[in-house]
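No lab work stands behind these numbers, since they all come straight from the coordinates. Model, not experiment: these values are computed from the prediction. Using ideal geometry, Cβ is built from the backbone for each residue, glycine included, and neighbour counts are taken over all protein chains shown.
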Amino acid sequence: MKKIQFLFFAVLYLGIGIAKAQYTVLLNFDSAKGISPAGNLTFIGHKFYGMANGGGAYNDGCVFSIDTDGTGYKDLLDFKGINGSHPNGSLLLSGGTLYGMTNTGGKYAFYGCVFSIDTDGSGYTDIHDFNYDIVNGNGEEPMGSLTISGNKLFGMTQYGGRQGYGSIFSINLNGSNYKDLFDFNNTNGGLPSGSLLIEGDKMFGMTSRGGAYSDGCAFSIDTSGNNYKDLLDFNGTNGQYPNGDLTLTGNKLFGMTSGGGIHAMGCIFSIDSDGNGYKDLTDFMNSNGENPDGTLNLIGNVLYGMVQGGGAYHYGCIFSLDSNGSNFTDIIDFNDINNPLGGYPYGSLTFVGPTMYGMARLGGTKNMGVIFKLDTANLTTSINKITASNFINIFPNPSTGIFTFQSNSEELKGKSVEVFNVLGERVLKQILRSAQDDKVINLNNQPNGVYFYRIIAEDGGLIGEGKLVIQK
């Protein structure tokens, strides 16, 4: 499965203000609960799972869970050096187990590790330790998150590899068969700090430095480690120093840079997955935010994201933008790092229905960061239920896992259907053929629950979306 930043929930009209969108702090971090939360919140059931970069029992960070209403905080794991320290990425769920990385710590103290842990906090396992090993290409100091495909985890390290500028690696879920897939050498990119996005047997990512102009690049590479392609070299004008992940829909990639653009404060861009068609969608200029380092969420045709600086009070903001670059809207401004609202939001938003959840690295009652929610359910202009497209029928729905797609006004032959679970993980991609049997999708291997589908045209355009329910 791949983790794709496309979420099938309510599409909000623009012009949202704090008076209409209810902002609530769910948790104030402190030295015991963690300091400076890192990465994104991972939503599972009725809980969020996340990590803090510092604090906890040994001041090396921690793994935690918390209910969506802000109650039930639980410190699942305290990092203490030997088992990792100072995580910066997010947690990945696979088969009931959480996987993550720490930037430092582990067996070799300074270089970080890959670990797994059960959702109840038991079963911690150090499955790989990074070290200074240029000969074998072992990486150092990962900053991003892991991505999964099949029974393999894929990730990047900021340093190390055979050239010292970072690496792309794969490793089995049990920690065996670590493989250095690709080494950055600065010319082809360097110092990746985000995560990989997997589409079939192709991976997409960005480096924060290196490339033709030393300002970073966007790239693609096969999951085998072959066919590396530099898709875009940032040069300052078109962006500079990206730190987040790419977001994909159809054949279009979306991303942000922390610097560069017209005002040298970062920009939002799109590019075709083959490297063509670059477009600067908007440029940050302090008043609308500056220096983004997270990842965009795409909901319908609207992009949502956070920036850690700028905005009305210079402590960051949450924004939305149409995917064609129009209608930029500042949804909410964080107003002071010493205010309970929080400041310097970090990472990306997590959506549950029409509610946005996220974390800020500073602010709150202890000035050590917060978990927040932004509830937009009462907006009069919001659409809070997703409905199937008018011309597409799916039956039976609910079903035990077998669904048939039928249309009375649109030819489905040649279109592709993508199905995602509520975590945003794609669980199926299938081309719809001419025969009726080829318009049937099989999700028998998935557990009970709600799933979301998209019908994609040959040119990558969205022609339909809706909800599927599995009841066995």
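Sequence-ordered 3J(HN,Hα) estimates for the range 172-178 from the Karplus curve with 6.51, -1.76 and 1.60 and θ = phi - 60° stand at 5, 4, 8, x, 7, 6, 5 Hz, glycine and proline given as x.
Seen through its C-alpha gyration tensor, with square-root eigenvalues sorted a ≥ b ≥ c, the range 283-356 comes out oblate because a/c lies at 1.5 or above while a/b is not bigger than b/c. Short-range pairs are left out: with C-alpha atoms under 8 Å and at least six residues apart, the relative contact order of the chain is 13 percent. Each residue of the range 259-273 was assigned a 3J(HN,Hα) from its phi angle through the Karplus curve 6.51 cos²θ - 1.76 cosθ + 1.60 (θ = phi - 60°); the sequence is x, x, x, 4, 9, 6, 10, x, 8, 10, 9, 10, 7, 5, 5 Hz, with glycine and proline shown as x. Other residues whose C-beta falls under 13 angstrom from the C-beta of LEU76 contribute a net charge of -1, scoring Lys and Arg +1 and Asp and Glu -1. Sequentially through the range 120-135, phi angles give Karplus couplings (6.51, -1.76, 1.60; θ = phi - 60°) of 8, x, 8, x, 4, 9, 7, 9, 6, 10, 7, 8, 7, 9, 5, 4 Hz, Gly and Pro residues having no value and appearing as x. Label zone of LYS467 (point 7 Å out along Cα→Cβ, amide N under 16 Å): in the range 286-303 this covers 300.
Want the number for ASN448 to ALA57: 0.36 nm per residue separation, take away the alpha-carbon distance, what's left?
Answer, rounded to one decimal: 137.0 nm.
Counting 0.36 nm for each residue step from ASN177 to ASP30 and taking away their Cα separation leaves a gain of 49.1 nm.
Going through the cross-link list LYS107/LYS366; LYS107/LYS373; LYS47/LYS179; LYS33/LYS107; LYS47/LYS252, which pairs have a Cα-Cα distance over 30 Å in this structure? Cα-Cα > 30 Å for LYS107/LYS366; LYS107/LYS373; LYS47/LYS179; LYS47/LYS252; rest within. You can think of it this way: the chain between ASN286 and ASN327 has 13.0 nm of extra reach, that is 0.36 nm per residue less the Cα-Cα gap.
All other residues whose Cβ lies under 11 angstrom from that of THR157 are scored, Lys and Arg at +1 and Asp and Glu at -1, for a net of -4. For LYS467, the residues whose modelled amide H falls within less than 5 Å of its own, excluding neighbours fewer than 5 places apart on the same chain, are ALA388, TYR453.
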